[in-house]
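Okay, here's the structure, questions in a sec.
The values are calculated or read from the model by the stated rules, or taken from the named source; none is laboratory data. These figures come from a predicted structure and were not determined experimentally. Because the Cβ atoms are built from the backbone with ideal geometry, glycine has one as well, and the counts that use them run over all protein chains shown. The protein model used for the area step is the full one, side chains on, heavy atoms only, and it has no ligands, DNA or RNA in it. Shrake-Rupley method; radii C 1.70, N 1.55, O 1.52, S 1.80 Å.
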Amino acid sequence: MASKVTLKRRSRNGPLISLVPMIDVMLILLVFFMVTSTYLNLDMIPAVRQQDQPAATATTPGRTGTAMIRLGADGVPVLRGQPLDAAGLDRALRDLLAGEPLAQVLILPSGGATTQALITVMDVATRAGVQRLRVIRLEARP
Amino acid sequence: MKLRRPAPAQHSETIIALIDVVLFLLIFFMLIGRMDATAPFEVSPPLATTGSDMPAGGATLAIAADGALALDGQALDRTTLDSRLAALLAEDPDLRLRVNAHKAAELRHVLPLVGAAEAMGFRDVVLVVTPADQP
């Protein structure tokens, strides 16, 4: 008479899901992001604000002065006919703002000036405390 | 008679540490950057000390030093740019336009585009700058 035989499955020792494909995928993703990305630290300066619409020039209380900075093609700012460097422009604007804190400063750049020159002048004006700063440009009329 | 020690099965623990490190690096690189298409030419934004942090979102108009244009990484000419900007603005009227001009780009290539975007109806146009230390 044959005896009853019971067979048992051997329990698996390893993990149920292999981790190796997951590691492969993650490594590929990691290398992809590291190779294709360039990491830049960038800031922004508003050029057009929502409240900068033409109606904003409506009634302003009291009298406020206006100064115009012309920016030549060589990148030198000219205020009231006088070429200035960054420190001189800073002093002149601070003197202007000391008398009229809400004075409007207009920048009229030459088309040949570089973007860096304009940004530098805007930077100096903002640091000097100018609150009403606008960049204007001349347009040829047909 | 030779007796051999069974090899210690400790590979899985080492692999788990590797996965941890790789996963941390992956998440770090994914979180720290904002995915943004780069222009097909070199653009080095001007230095500025008074810029503010740039939030994500918006379209990026890149302007090369010689005036070449690219919108969200795709090179195009002026007429195509106008139609593409109009289409973007129709989709989202509050879209921010980031003007990423090379620092040596002449303003005759930059300011007319800012003016055109404003005339087109863009209410939020910003100039991209590289933060610099206070002089």
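Identify the residue in the range B:37-56 that is at the interface with chain A (Cβ under 9 Å from one of its Cβ atoms) and under 14 Å from the mean Cα position of the chain (by Cα) and, among all such residues, is farthest from A:Val121 (Cα to Cα).
Step by step, filter the range B:37-56, then rank; the result is B:Thr38.
Can you pull out every residue in the range B:57-75 that is within 13 Å of the chain's Cα centre (by Cα) and of a type in the set (Val, Ile, Thr)?
B:Thr60
Output the number of residues of the range A:82-113 satisfying the condition of being under 22 Å from the mean Cα position of the chain (by Cα) and open to solvent by 50 Å² or more (accessible area, probe 1.4 Å).
Matching residues across the range A:82-113 total 1.
Inspect the range B:86-94 for any residue being within 11 Å of another protein chain (Cβ to nearest Cβ) and buried (at least 17 other Cβ atoms within 10 Å of the Cβ) and give the result as yes or no.
Among the residues of the range B:86-94, not one is within 11 Å of another protein chain (Cβ to nearest Cβ) and buried (at least 17 other Cβ atoms within 10 Å of the Cβ), which makes the answer no.
Do we find a residue being more than 8 Å from chain A (Cβ to nearest Cβ) and either within 20 Å of the chain's Cα centre (by Cα) or of a type in the set (D, E, K, R) (or both) anywhere in the range B:118-132?
Among the residues of the range B:118-132, at least one is more than 8 Å from chain A (Cβ to nearest Cβ) and either within 20 Å of the chain's Cα centre (by Cα) or of a type in the set (D, E, K, R) (or both), which makes the answer yes.
Still on this structure, I have one more. Filter the range B:100-110 down to the residues that are among the aliphatic types (A, V, I, L, M), over 16 Å from B:Ala48 (Cα atoms) and surrounded by fewer than 23 Cβ atoms within 10 Å (Cβ to Cβ) and list them by number.
B:Leu107
Residue under question is B:Asp72, and the condition is that it be within 11 Å of another protein chain (Cβ to nearest Cβ) and more than 17 Å from A:Thr114 (Cα to Cα); does it hold?
No; evaluated as a whole, the condition is false for this residue.
Another question, then. Quick one: in the range A:118-142, of everything that is touching a helix residue (DSSP H, G or I) at 6+ places or on another chain (Cβ under 8 Å) and at the interface with chain B (Cβ under 8 Å from one of its Cβ atoms), which residue is farthest from B:Val110 (Cα to Cα)?
Filtering the range A:118-142 for residues that are touching a helix residue (DSSP H, G or I) at 6+ places or on another chain (Cβ under 8 Å) and at the interface with chain B (Cβ under 8 Å from one of its Cβ atoms), the one farthest from B:Val110 (Cα to Cα) comes out as A:Arg127.
Anything in the range B:95-113 that is within 13 Å of B:Leu69 (Cβ to Cβ) and within 9 Å of another protein chain (Cβ to nearest Cβ)? List them, or say none.
Scanning the range B:95-113 gives B:Leu97, B:Val99, B:Asn100, B:Ala101, B:His102, B:Ala105, B:His109, B:Val110, B:Pro112.
For the range B:57-98, which fully contained strands (runs of 3 or more DSSP E) count at least 2 residues that are of a type in the set (Val, Ile, Thr)?
B:59-63
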